[in-house]
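A quick write-up on the structure given underneath.
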Amino acid sequence: MDDDVTMEVKGLAELQQAMEEMPRKVAQRGLRKALKSGAGPVQEGMVNLAPKYAGNDTRWPIGFLAEHFGVKEKIGRDELSGSAFIGPQGKIDYPMFASGAYKIVRNAKNKAIKVGRIAVTTVARFLEFGTSKMPKQPFMTQAFDTNKEAALENITHSLAETVSEVAEEGNRGPRVS
């Protein structure tokens, strides 16, 4: 199942050319900054739209899912390109009880094991796509659909800022430390 969303911006050939003409490290830093800026509105939308409880189970901490959305940027090596991945953070488990505790049992080798664990990513997937016993609540898709224009605006504004900063620095000469 491929759920990646790709956006292609057309009509910004001058901006792209200016980014490709600047030093590679500077362009990559500017691209990373732009991706973070663009991911902000979508991440905020996910946080605001995330269900406060996992299903109807009120034993789970209120708002736990909303507190665990993150953004990861990935910059291409060969060409000037990048991706921002916005969604629930991996390797974080819901606590079994509202107090934040887990049920811990010991196995035959006396090793402590957390029982009843469920990952934040699993809960988000169940809520987004539903299960056989629960209807879908597509809050992440809705967050993207409502904020994609703002994200694109933030990306283009940030890239334009980077180009103008590099152009100003080129007119002044390199910084002396």
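The values are calculated or read from the model by the stated rules, or taken from the named source; none is laboratory data. On a predicted model such as this, the values are computed, not experimentally measured, just so you know. Glycine also receives a Cβ, built like all others from the backbone with ideal geometry; neighbour counts cover every protein chain displayed.
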Per-region count, segment 107-128, residues over 17 Å from Asp93 (Cβ atoms) and buried (at least 16 other Cβ atoms within 10 Å of the Cβ): 1
Criterion violated by Ser177 - all others in (1) at pLDDT below 90; (2) assigned to a loop (DSSP other than H, G, I, E, B); (3) closer than 24 Å to Phe69 by Cβ satisfied: (3)
Checking His68 against (1) closer than 18 Å to Ala151 by Cα; (2) at pLDDT 90 or above, the condition it does not meet: (1)
Lone qualifier among Ala143, Ala151 - being over 14 Å from Ala50 (Cα atoms), of a type outside the set (Phe, Trp, Tyr), at pLDDT 90 or above and in contact with a strand residue (DSSP E or B) (Cβ under 9 Å, 6 or more places away or on another chain): Ala151
Any hit, segment 94-112, residues being in a helix (DSSP H, G or I) and either within 21 Å of Leu35 (Cα to Cα) or out of contact with any strand residue (DSSP E or B) (no Cβ under 7 Å at 6 or more places or on another chain) (or both): no
Selection status of Thr122, among the hydroxyl-bearing types (Ser, Thr, Tyr) and at pLDDT 90 or above: no
Hits in segment 14-27 - residues which are surrounded by fewer than 17 Cβ atoms within 10 Å (Cβ to Cβ) and assigned to a helix (DSSP H, G or I): Glu14, Leu15, Gln16, Gln17, Glu20, Glu21, Arg24, Lys25, Val26
Condition broken by Gln137, with the remaining ones in (1) part of a loop (DSSP other than H, G, I, E, B); (2) loosely packed, with under 14 Cβ neighbours inside 10 Å; (3) under 22 Å from the mean Cα position of the chain (by Cα) satisfied: (2)
Selection within segment 113-134 - part of a helix (DSSP H, G or I) and either closer than 21 Å to Pro41 by Cα or touching a helix residue (DSSP H, G or I) at 6+ places or on another chain (Cβ under 8 Å) (or both): Val120, Thr121, Ala124, Arg125, Leu127, Glu128
